[in-house]
Amino acid sequence: MADMPIKVVVAKPGLDGHDRGAKVVARSLRDAGMEVVYTGVFQSPESIVKTVLQEDAQVLGISSLSGAHMEYTEAVKDLLEQHGIDDLLVLVGGTIPDEDAVQLKQLGVAEVFGPGTPTAAIVEFIRANAPARTFS
Amino acid sequence: MATLEEPREELRAESAADRARRAEDRWRKERLPGDYERVAPRREQFATGSSIPIKDVYTPADVEDLDPLEDIGLPGEYPYTRGVHASMYRGKPWTIRQVAGFGQAEDTNRRYKYLLAHGETGLSTDFDLPTLLGHDSDHPVYHREVGKIGVAVDSVVDAHALFEGIPLAEISTSLTINASAAPVMAMYAVVADELGVPGAKLTGTAQNDILKEYTAQNEFIFPPEQSIDLVVDTMEWGAKAMPRFNPVNVSGYHIRDAGATAVEELGLTLSAGLTYLERAVARGIQPDTVAPRVSFFFNLANDFLEEIAKLRAARRLWARLMKERLGCTEARSLLMRTHVQTAGVSLTVQQPLNNIARVAIQALAAVLGGTQSLHTNSLDEAMAIPSEEAVKVAVRTQQIVLHETGAADVVDPFAGSYYVESLTTELEERSRELIEQIDGMGGLVEAIKDGYVQQRIADSAWEQQVAVEKGDKVIVGVNGFRDEDEAGTPIEIFRLDEGVVERQMARLKDTKRTREEARAARALRALAVGAGASGNGRNLMPEIEEAVRARCTVGEICDTLREEWGEFKPVSVF
């Protein structure tokens with residue numbers, strides 16, 4: 001079963017409408033052979049975690065360009081913890097100031113990808129770090 | 001002597017274009033190959049950002065079909081290729097209009113005054129996401145975004161604080177608001193009225209272009225049909241309440257930043273403008289009563305010459321569409337006035353000081369293209385809301401273009417350029433084709449519901465990403481000329497004051513506590529009744545205006561409309 005595709009949820013939390021980056025990343029991951037679920041805009045932390053659970057995703061990419069990345073990521077991480085999910089690879093992308101990236105990593109975010117990141121770097125990171133898929 | 005005279009006669013009979021064509025043929029055979037033998041072309045093919053092929057050189061042969069009067073003409077005259085005013089910047093310079101908005105109304109008001117003190121000549125407001133999406137600051141989920149990327153405005157109480165000490169009769173104000181534009185425009189009118197400023201004195205614009213929200217910016221609330229009717233309501237109401245204020249600012253900016261090419265930006269923007277006006281006409285409104293107050297907003301990307309041509313093409317195509325398609329007869333209906341913002345998406349986090357150069361070049365193109373008003377981005381805007389220092393550089397950039405470069409001292413200097421004229425025509429034709437293609441799909445609303453437009457923009461964004469990753473397109477500091485030290489130049493990042501959300505929530509509570517509750521409830525009930533009957537030409541603005549006067553909030557007004565109309569559920573394509 002080693003060739004099962006990696007499953008990724010790309011999510012847009014809150015009211016931020018900037019989805020160019022999220023869509024480009026989603027497409028590059030799909031082209032790289034991953035199974036990608038894009039939530040669309042206006043997601044609450046609850047709906048994001050629900051999608052992750054429903055899809056049994058290994059990776060969650062949160063895209064934020066509205067300055068509310070800390071608040072939403074914290075809320076998502078809290079909910080994940082409440083659901084006992086500890087092996088999800090959580091990534092954040094968007095306009096994230098350097099010092100916020102440090103704080104996000106302290107929260108358990110595996111990596112933060114800023115503007116100008118080649119999509120190949122994101123693909124590579126996910127392949128190297130995505131947890132093995134769990135089967136029941 | 002006749003034998004000598006004859007060839008000369010022949011030469012005279014030959015048109016300038018034919019002579020140029022012959023000369024170009026000869027040059028391509030005799031002159032150009034030698035240069036390319038010594039140094040090969042940098043690329044196999046050269047093309048603009050819209051994939052329009054670029055020749056080595058352009059001659060009169062490339063513009064032979066252009067009529068110097070019918071297609072180019074003179075500034076301030078049909079078809080307005082050369083600009084909407086005869087004198088352009090030799091008289092009144094463009095408006096230096098920096099968009100600003102963060103925190104509470106008082107925070108943004110202070111930034112306005114800072115900008116005005118440094119030479120800004122018009123105001124522009126960015127609202128926070130809850131306001132843009134019709135939610136109040138105490139929303140259980142979205143309170144996290146209060147004041148972040150714009151100013152929090154819940155009620156007319158905030159709007160008063162926002163414009164405190166600003167001479168509304170003298171300065172024009174742009175309101176960057178769309179889905180919730182109707183209540184916010186009403187707030188502007190009510191603030192002025194309560195201060196004793198007549199509506200006839202108010203100038204400025206509301207963005208109020210909901211169609212590009214569905215295609216590009218994703219800040220929509222209601223389904224397209226009701227939303228478009230609401231836009232038409234504001235146009236009809238605005239023509240009486242604020243006759244010098246532009247109620248709609250049809251915007252290509254966001255379409256472009258979302259990934260569209262210049263051709264797509266033009267085609268989709270003009271198609272949106274037509275959609276609003278044709279809806280107004282269907283409601284029995286004369287096009288000449290509303291068309292003069294439809295204004296535009298374009299992006300200015302890095303493709304210097306294509307962008308200059310784009311602004312010229314936009315004016316010509318709009319004038320022709322208004323005359324030929326809408327049957328407008330008044331000159332003011334035909335001319336396209338536009339605001340321009342330099343391309344946010346072109347700014348890089350890497351080596352941020354380079355952004356000053358990008359913005360300066362883009363600003364110069366906007367002026368050479370004949371814009372009426374200009375926002376120059378700040379060098380730190382790829383990271384955050386701009387700091388005071390950064391926004392000052394952006395304002396100074398416009399002042400340098402105006403006072404130091406001479407670009408503003410002559411009208412439309414690119415007229416007659418074989419290349420720019422040829423490109424102007426090419427952009428006009430290609431964007432007209434896109435408009436017709438969308439017509440063929442049943443119009444822009446159908447093309448949006450179908451996901452066609454969103455997919456097309458996503459495809460263009462993807463192609464640009466691939467070009468950068470393959471190295472076909474170089475972005476300085478990103479995929480070329482990178483710094484060894486990734487950390488780069490440290491720049492100060494603007495941070496919002498702590499406590500904004502709590503203070504805003506407290507004010508909202510106070511507003512609701514002190515208002516006349518019976519009047520507020522009555523206003524919302526009347527709005528619900530009106531919204532239930534919308535779609536048959538009934539204008540909702542009187543009800544919205546009364547709700548605003550009664551201190552109802554943006555959230556309450558939009559929730560009332562949500563109850564009646566529902567929310568738009570988009571197709572998420574990538």
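Just for the stretch A:1-35: of the residues that are more than 8 Å from every other protein chain (Cβ to nearest Cβ) and of a type in the set (G, A, S), which one is farthest from B:V468 (Cα to Cα)? Among those residues, the one meeting the criterion is A:A2. Residues in the stretch B:117-129 that are touching a residue at least 40 places away in the same chain (Cβ under 8 Å) and over 20 Å from the mean Cα position of the chain (by Cα) were compared, and the one that is surrounded by the most Cβ atoms within 10 Å (Cβ to Cβ) is B:H118.
The set of residues in the stretch A:87-117 that are over 21 Å from B:K148 (Cα atoms) and in contact with a strand residue (DSSP E or B) (Cβ under 8 Å, 6 or more places away or on another chain) comprises A:L88, A:L89, A:V90, A:L91, A:K105, A:G108, A:V109, A:A110, A:E111, A:T117.
Residue selection: B:L374 fails the criterion of being within 20 Å of B:V420 (Cβ to Cβ), surrounded by fewer than 24 Cβ atoms within 10 Å (Cβ to Cβ) and either of a type in the set (A, V, I, L, M) or within 14 Å of chain A (Cβ to nearest Cβ) (or both).
The set of residues in the stretch B:188-246 being within 26 Å of B:A461 (Cα to Cα), part of a helix (DSSP H, G or I) and not β-branched (V, I, T) consists of B:L211, B:K212, B:E213, B:Y214, B:A216, B:Q217, B:P224.
Taking the stretch B:539-567 as the range and being assigned to a helix (DSSP H, G or I), farther than 13 Å from B:A181 by Cβ and among the hydrophobic types (A, V, I, L, M, F, W, C) as the test, the residues that pass are B:A547, B:W565. Could you please give the count of residues in the stretch B:153-176 that are in a loop (DSSP other than H, G, I, E, B) and either of a type outside the set (G, A, S) or closer than 12 Å to B:N109 by Cα (or both)? Total meeting the criteria: 10.
Just so you know, in the stretch B:560-574 the residues that are within 14 Å of chain A (Cβ to nearest Cβ) and of a type in the set (A, V, I, L, M) include one that is surrounded by the most Cβ atoms within 10 Å (Cβ to Cβ), and it is B:V573. For the stretch B:447-466, check the following and say yes or no: at least one residue is more than 28 Å from A:G17 (Cβ to Cβ), outside any loop (DSSP other than H, G, I, E, B) and of a type in the set (K, R). No, the conditions are met nowhere in the stretch B:447-466.
Just to be sure before I move on: is B:Q465 within 12 Å of chain A (Cβ to nearest Cβ) and buried (at least 16 other Cβ atoms within 10 Å of the Cβ) in the structure I sent? For B:Q465, the condition - within 12 Å of chain A (Cβ to nearest Cβ) and buried (at least 16 other Cβ atoms within 10 Å of the Cβ) - is met.
For the stretch B:78-98, a residue qualifies if it is of a type in the set (A, V, I, L, M, F, W, C) and buried (at least 18 other Cβ atoms within 10 Å of the Cβ), and the qualifying residues are B:V84, B:M88, B:W94, B:I96.
Restricting B:T348, B:T405, B:T397, B:T329 to those that are within 14 Å of chain A (Cβ to nearest Cβ) and more than 19 Å from the chain's Cα centre (by Cα) reduces the list to B:T348.
The listed residues are B:V57, B:V63, B:V39, and the only one of them that is over 19 Å from B:Q372 (Cβ atoms) and either at pLDDT below 95 or buried (at least 22 other Cβ atoms within 10 Å of the Cβ) (or both) turns out to be B:V63.
Residue-by-condition table, conditions (1) within 12 Å of another protein chain (Cβ to nearest Cβ); (2) part of a loop (DSSP other than H, G, I, E, B); (3) among the polar types (S, T, N, Q):
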residue	(1), (2), (3)
A:V37	yes, no, no
A:V41	yes, yes, no
A:E46	yes, no, no
A:G67	yes, yes, no
A:T73	yes, no, yes
A:G84	no, yes, no
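The residue that is nearest to the other protein chains (Cβ to nearest Cβ), among those in the stretch B:97-140 that are acidic (D, E) and outside any loop (DSSP other than H, G, I, E, B), is B:D126.
Conditions (1) within 27 Å of B:V151 (Cβ to Cβ); (2) away from chain A (no Cβ under 13 Å); (3) surrounded by 12 or more Cβ atoms within 10 Å (Cβ to Cβ), marked per residue:
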residue	(1), (2), (3)
B:V474	no, no, yes
B:D485	no, yes, no
B:E492	yes, no, no
B:V500	yes, no, yes
B:D510	yes, yes, no
B:A518	no, yes, no
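Yes or no: the stretch B:303-311 includes at least one residue that is surrounded by fewer than 24 Cβ atoms within 10 Å (Cβ to Cβ), closer than 19 Å to B:V359 by Cα and not aliphatic (A, V, I, L, M). Yes: the stretch B:303-311 contains one or more residues that are surrounded by fewer than 24 Cβ atoms within 10 Å (Cβ to Cβ), closer than 19 Å to B:V359 by Cα and not aliphatic (A, V, I, L, M).
Quick grid of which residues meet (1) touching a Phe, Trp or Tyr at 6+ places or on another chain (Cβ under 8 Å); (2) surrounded by fewer than 24 Cβ atoms within 10 Å (Cβ to Cβ); (3) assigned to a strand (DSSP E or B):
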| position | (1), (2), (3) |
| --- | --- |
| A:V10 | yes, no, yes |
| A:L15 | yes, no, no |
| A:K23 | yes, no, no |
| A:S28 | no, yes, no |
| A:V49 | no, no, no |
| A:V52 | no, no, no |
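Would you mention how many residues in the stretch A:95-136 are within 14 Å of chain B (Cβ to nearest Cβ) and either basic (K, R) or part of a helix (DSSP H, G or I) (or both)? Number of matching residues: 12. Residues that are among the β-branched types (V, I, T) and in a helix (DSSP H, G or I) were ranked within the stretch B:386-415; the one that is nearest to B:Y89 (Cα to Cα) is B:V401.
Number of residues in the stretch B:322-377 that are among the small types (G, A, S) and over 23 Å from B:E307 (Cα atoms) equals 3.
Looking for something at negative phi, in contact (Cβ under 8 Å) with a residue 60 or more places away in the chain and touching a helix residue (DSSP H, G or I) at 6+ places or on another chain (Cβ under 9 Å) - is there at least one such residue anywhere in the stretch B:280-288? Checked the stretch B:280-288: at least one residue is at negative phi, in contact (Cβ under 8 Å) with a residue 60 or more places away in the chain and touching a helix residue (DSSP H, G or I) at 6+ places or on another chain (Cβ under 9 Å).
The values are calculated or read from the model by the stated rules, or taken from the named source; none is laboratory data. As the structure is a computational prediction, the values presented were derived from the model and not from experiment. Methodologically, a virtual Cβ is constructed for each residue, glycine included, from the backbone with ideal geometry; neighbour enumeration extends over all protein chains shown.
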